[in-house]
C-alpha cells in the first residue's frame, strides 16, 4: 500500500513538473516574440518597448553603480567590460565599505586605462544598513550625475552593447525599471558548472514563468536599471536596507508605482566564484532561504517544479511493486524532461555557450536544486559576507552575534 502511494506521489510530481515546463516554454515563446530585432553571437533582440531599434534612440546619459566588496578572481577583467561600452555618455561609480578595499584598488587600476570615462571611487565607512550593498547604493545615488541608474554586481561580465540595450526601454516614460536574464559562467570545477547550469536554466525558467503569469514585478540582482525618480518616489535605496532580497524588493516597489518593469532581451554572464561543493551548496541554500522568506507561497510551490526527485521516487516505488519497465520509463522521462527544458532555455533564452554540457548536467542540477529547496526550511539563519543573520517575514535580516574566524574564511564563497 505504501509503495502504491509513493508511486502516485511520484507520478503526480512528474505531472506538475511537466505542466511547469510547458508554462515556461510558453513564457519563452512570448519572451522571444517581444524582441524586434535578432542579433548574432549571443546578443539578443533590441527592446520591443521602443518603436525603433535601440541604436536609433537618442541615448540618455547613464550612471553605472558598482558596489564592491573585496577582491575576486578576474575582477579587473569583469570591471573592464563595463568601461569598454558602445555608448555615448556614461559614468561609473564604485563604492566599498573601506577606502582601502582591494576591490576599489582594482577598479582604480582599470579606470586608469580608460581616462576618458568618468569614474568615481567612494566608501561608506561605517555600515548604515544591515545590507551593506544598500549603504553603497545610497551613497552612489547621492553622488550620481545622471537620472538613469544601472546597478550590477561585481561578479558579472557584459558585452559592449550592454548599456545601449539595457537603457533603451527607458525611451518609454512608463518604464521605471529594467532587468536582465543571465547565464551561469564556469570554466572549471564540477560543482561550479552545476551551479552555472542552475542559473542558466532553473533561474530562467522561473523568471519566464513569472513574467507569463503575472508580468515582471521584481528585478534580478546582477542587473537592475532604474530611474532616479522611481528611487526617490519609493523613499530612496535606504528602504531596502533591512532586507536580504534587495533586488526583488526594488522591482516590486517600482511596480507598485504603476510603472513597468521590463525584462530586457540582453543576457549577461554571471561568473560562478564557488568552485567547491560546500561553498556552492551554502550559496544556493542562502539564496533559497532568502526566497522562502520573501515569497513564502511561491517558494513552497517550487517543490512541484522539480522533475528528477519525483522520477527517482516513482521509479523506486515501481521497482518495489515489481514493475521494472514502468520504473525505468518514469526515471527516463524525468531525465529527458529536464534535458529538453535545458536545451530550449539554454539555446533560445540565454544563448548558453556550453549548451551540450548544460543539457547533460541539468538533470543532476535539478536533483541538487530540490535538495537546496528542502535545506532552505532547515532554520532561518544565513551566512552572508562573513556575518550571520536571521531572516524573518518579508526577508528582513537581523544580525546574529559577531563574526568569527571560521565565518570570515567563508565570506567570499557566500
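Results, tabulated for the structure shown:
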item: Residue count for the range 311-330, restricted to those that are buried (at least 23 other Cβ atoms within 10 Å of the Cβ) and farther than 13 Å from residue 17 by Cβ; result: 3
item: Hits in the range 1-45 (condition: surrounded by 16 or more Cβ atoms within 10 Å (Cβ to Cβ), at pLDDT below 70 and within 21 Å of the chain's Cα centre (by Cα)); result: 43, 44, 45
item: Test: residue in the range 189-204 that is crowded, with 21+ Cβ neighbours inside 10 Å, part of a strand (DSSP E or B) and within 20 Å of the chain's Cα centre (by Cα); result: no
item: Tally, over the range 155-173, of residues that are under 20 Å from residue 254 (Cβ atoms) and in contact (Cβ under 8 Å) with a residue 40 or more places away in the chain; result: 9
item: Scope the range 107-152; condition out of contact with any helix residue (DSSP H, G or I) (no Cβ under 9 Å at 6 or more places or on another chain), in contact (Cβ under 8 Å) with a residue 40 or more places away in the chain and part of a loop (DSSP other than H, G, I, E, B); matching residues; result: 130, 145
item: Verdict on residue 316 being free of Cβ contacts under 8 Å to residues at least 40 places away in the same chain and out of contact with any helix residue (DSSP H, G or I) (no Cβ under 7 Å at 6 or more places or on another chain); result: no
item: Extreme residue, modelled with the lowest pLDDT, among residues of the range 56-77 that are in a helix (DSSP H, G or I) and out of contact with any helix residue (DSSP H, G or I) (no Cβ under 7 Å at 6 or more places or on another chain); result: 56
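The values are calculated or read from the model by the stated rules, or taken from the named source; none is laboratory data. Source: prediction; values computed, not measured. In this analysis, Cβ positions are derived from the backbone assuming ideal geometry, glycine residues included, and neighbour counts consider all displayed protein chains.
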